[in-house]
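The numbers here are math on the coordinates, done by the rules we state, and not lab data. Everything numeric in this text was worked out from a predicted model, so none of it was measured. Cβ coordinates were reconstructed from backbone atoms using ideal geometry, including for glycine residues, and neighbour counts include every protein chain displayed.
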């Protein structure tokens with residue numbers, strides 16, 4: 001999967017939006033960018049990917065995942081109201097029960 005940010009019309013805009021979300025969420029910009037994340041939360045298998053909604057457990061409705069950031073010891077999942085432009089991102093512990101899939105063109109340009 002090629003890197004994108006939902007609603008960004010081109011690569012330049014996607015980069016701008018990605019950096020703005022990272023700044024708001026206080027997340028590092030890394031060379032590798034996450035497309036999809038799988039994890040276990042309270043005994044429930046969870047999965048999300050950029051451009052799709054979070055599991056209903058998080059009650060964000062039809063908000064799309066805008067970005068997923070890899071931080072030290074955890075992942076930050078951002079939707080519009082969960083770390084995108086307001087609120088706190090969804091936090092997922094980075095451990096043996098979590099797994100990230102990266103965009104195929106995961107280098108910063």
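Quick notes
So that you can scan it fast, the table gives a plain yes or no per residue for (1) touching a strand residue (DSSP E or B) at 6+ places or on another chain (Cβ under 9 Å); (2) in a helix (DSSP H, G or I); (3) surrounded by 12 or more Cβ atoms within 10 Å (Cβ to Cβ):
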| position | (1), (2), (3) |
| --- | --- |
| 57 | yes, yes, no |
| 62 | yes, no, no |
| 75 | yes, no, yes |
| 91 | yes, no, yes |
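- Taken together, the residues in segment 1-44 that are in a helix (DSSP H, G or I), within 21 Å of residue 88 (Cβ to Cβ) and without any contact (Cβ under 8 Å) to a residue 60 or more places away in the chain amount to 6.
- Segment 93-108, residues that are assigned to a loop (DSSP other than H, G, I, E, B) and in contact with a strand residue (DSSP E or B) (Cβ under 7 Å, 6 or more places away or on another chain): 94, 97, 103
- Within segment 65-74, tally of residues that are at positive phi and touching a residue at least 60 places away in the same chain (Cβ under 8 Å): 0
- Contact map, segment 75-91: first residue farther than 19 Å from residue 46 by Cα, second residue part of a strand (DSSP E or B), Cβ cut-off under 6 Å, separation 6 or more or different chains; pairs are 84/78.
- Only one of 21, 29 that is within 20 Å of residue 105 (Cα to Cα) and surrounded by 15 or more Cβ atoms within 10 Å (Cβ to Cβ): 21
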